[in-house]
Structures are given as C-alpha cells and as structure tokens.
Amino acid sequence: MKAAVINAFGDTDQIEIVDIPRPAPQPDEVLVRVRAAAVNPKDTFIRKGYLKKYTGSDFPMLSGFDFAGEVAEVGAEAEAPAVGTAVYGMLDGWEGKTCAEYMAVKAHQLAVMPAELSFEEAAALPLVCSTALQALRDQAGIKPGQTVCINGAAGGVGSAAVRIAKILGAEVTGIASAGNHDFLRDLGADHCVDYNVEDITASEHRFDIFFDVFGNQPFDHVKPILKPKGVWVSTVLQSHVFKSVEATKDSPGKKAQLVIVAAHRGDLDQIRAWVEAGQLKPVIHATYPLEGIRDAHAQQETKHTRGKLVIRID
C-alpha cells in the first residue's frame, strides 16, 4: 500500500511516498481504508524534530493524525462500527500514520462519520474540533455568556474554536489579520481584532477565557486582560507554558492551562451531532493528492492557512 513517510528530521524533502505492507489489526483495533487525511502544525513540528522528545527518532516515520474512510476489518475484541461503515477520527499520542491507504487504530479513536460530508470534509474536523472542544470545555470550563478571545482565530484550531465557543454560548473575539475578519464573522465571531493594528494585551478588553492557539501570547502578557478568575489556555509544548501552568495550578484566581488533545469517541459523536444540526462545518483551505503532501506541509508552515489542509487518498 502507499504511505507517506518521513525519512529524517528536516525540510519537506524528507517526506516520501513509499510502498509498505498493509497492517493487520490487533484484536482491539480496527483496520480503516483511509480515503482522506489532513496536515496539522503537529505534523510539521514532528517532521522538523521539534517534538523528538516525544516521537523518538526511529525512521522512517509514518505521518498524519486525522482520517476519514471505511471500516475494512474489525478486531475480535474491538467495539466498532461494522465493516463498510464510513468513519472518521484522530490518533492519540505522537505516532502518526493516517496518510496511508490503510491503517489500524484503536476503536475509541474513530466514530461514525457525519453522513452529509465527503471524506475530505470529514477528515478536516477531528483533531482541530477535538482540540478546541477540550480546550474550552475541559481546560477552561466555558459557560454560556462568558467572554472568549481566540488568538489565531482563522487557522484550523482557531476557526473550530470560534464556532464551538459560539455553540457553547460565549461572546467571541477573534484575533486575525484584517483580511480574515469577514470569514470570522461568518463563523459567528462577535468582535474581530487585527493584530497588525491593536495589541490586545494593552487594550481595555477583559476575558473569561483566552485561547492562545497561535502560541505568541504567553500567560504573563495576557494576565492583565483576564478577568479575576480568567483562564488562559495554550496548545504549545514550551517551557514558559509548563512554568505558567505549574505556577497557577493552586491559584484561586487567574490560571494557565495546557491542552493536549486526546481521541474520545464521545467527542467525535458530539462533533458529528453539531454538523448534522447545521451548527458546525469544516473549513478547508486546500485539498492535495497524497503525492502532494510536501506542498501541504509547505503551506502549513506559512502560518497563513485558513482552516485545514486535506490529503486525498485514492
């Protein structure tokens, strides 16, 4: 079968499409015929070696964490949809493998796919929506009527967070370049801030939740614009984030949190329900064939991607 692999840490030329054996599922796994996958910042960080503390250095590495496809085989102990069912999901941890024609995954990492979506559309949802949901619900404890600011609101996780925060009843401010403000308003953002014009941390704004998706607004900078019990949430695995989380873990006031997304079938089911209710839809910047995955990685590294980059696997 065809699969994208990383041969060494480095630039996009380290990605190669190769033929490898089709995996056999373990008793608690499901074999999926992958029809579409996606590229996330996580994939480029892994390729560059930024996360080698977590990934190790055993090459070649498979790539990709989002997927949509069909159940091809169900392990004897796996509780999963029947063979032939259209499913979507995401991988836990740091070992990618979704940019391949087949992959074996744990049953909790997938759920029935929203029926009205294409495979490409479905593959754009799992990681970004799960990250946004777990950041806002689990780390920040979002409540209806709260004020939420999303830094990096036009990207994959950011655009999902705008929509999910609105679904959960928040008043949302999105930080993005001016050219993305109409896009954010279409998603439901109540207010938009152009980072080229306004420094949000020097403003009169006050927020219950500040979700730093982009990773350039540390807790110490944001703390003055948090309400007395406000929560700052980050997605980045950097020392200043760990220090802020540790320093505020017992604080009765402002807190710093880190979201490390995990696969949960219940969250995938919730995402599907929102899609089917017309409350949530995928945002796709571009779709590439598997052979174009280097171009997808290059686009992701521009840091100017609106929504998701999807990989079509024929």
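The values are calculated or read from the model by the stated rules, or taken from the named source; none is laboratory data. Remember, predicted model here, so these are calculated numbers, not experimental data. Virtual Cβ from ideal backbone geometry, glycine too; neighbours counted across all protein chains shown.
The table that follows gives values for the structure above.
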| item | result |
| --- | --- |
| Pair list, Cβ < 6 Å and 6+ apart or interchain, from the stretch 260-271 residues that are within 18 Å of residue 96 (Cβ to Cβ) to residues that are of a type outside the set (Phe, Trp, Tyr) and at pLDDT below 95 | 262/92; 263/92 |
| When residues of the stretch 266-314 are limited to those that are β-branched (Val, Ile, Thr) and out of contact with any strand residue (DSSP E or B) (no Cβ under 6 Å at 6 or more places or on another chain), the one nearest to residue 213 (Cα to Cα) | 302 |
| Given (1) over 18 Å from the mean Cα position of the chain (by Cα); (2) in contact (Cβ under 8 Å) with a residue 60 or more places away in the chain; (3) surrounded by fewer than 22 Cβ atoms within 10 Å (Cβ to Cβ), number of the condition residue 51 does not satisfy | (1) |
| Qualifying position, being over 18 Å from the mean Cα position of the chain (by Cα) and under 30 Å from residue 8 (Cβ atoms), among 239, 234 | 239 |
| Of the criteria (1) in contact with a Pro (Cβ under 9 Å, 6 or more places away or on another chain); (2) among the hydroxyl-bearing types (Ser, Thr, Tyr); (3) over 26 Å from residue 275 (Cβ atoms), which one residue 235 fails | (3) |
| Conditions (1) out of contact with any strand residue (DSSP E or B) (no Cβ under 8 Å at 6 or more places or on another chain); (2) of a type in the set (Asp, Glu); (3) not in a loop (DSSP other than H, G, I, E, B); number of the one not met by residue 79 | (3) |
| Scan of the stretch 96-118 for residues that are under 22 Å from residue 283 (Cβ atoms), in a loop (DSSP other than H, G, I, E, B) and touching a strand residue (DSSP E or B) at 6+ places or on another chain (Cβ under 6 Å), ordered by number | 96, 98, 99, 113 |
| Test: residue in the stretch 267-284 that is more than 22 Å from residue 122 (Cα to Cα), among the β-branched types (Val, Ile, Thr) and in contact with a Leu (Cβ under 7 Å, 6 or more places away or on another chain) | no |
| Restricting the stretch 208-227 to residues that are in contact with a Gly (Cβ under 6 Å, 6 or more places away or on another chain) and of a type outside the set (D, E, K, R), the residue that is surrounded by the most Cβ atoms within 10 Å (Cβ to Cβ) | 213 |
| Any chance residue 241 is farther than 16 Å from residue 157 by Cβ and either touching a residue at least 60 places away in the same chain (Cβ under 8 Å) or in a helix (DSSP H, G or I) (or both) | no |
| Residue check, residue 192 closer than 17 Å to residue 36 by Cβ and either modelled with pLDDT of 95 or more or in a strand (DSSP E or B) (or both) | no |
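Table: residues versus (1) surrounded by 18 or more Cβ atoms within 10 Å (Cβ to Cβ); (2) among the acidic types (Asp, Glu); (3) on the phi < 0 side of the Ramachandran plot.
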position: 10; (1), (2), (3): no, no, no
position: 19; (1), (2), (3): no, yes, yes
position: 22; (1), (2), (3): no, no, yes
position: 31; (1), (2), (3): yes, no, yes
position: 42; (1), (2), (3): yes, no, yes
position: 46; (1), (2), (3): yes, no, yes
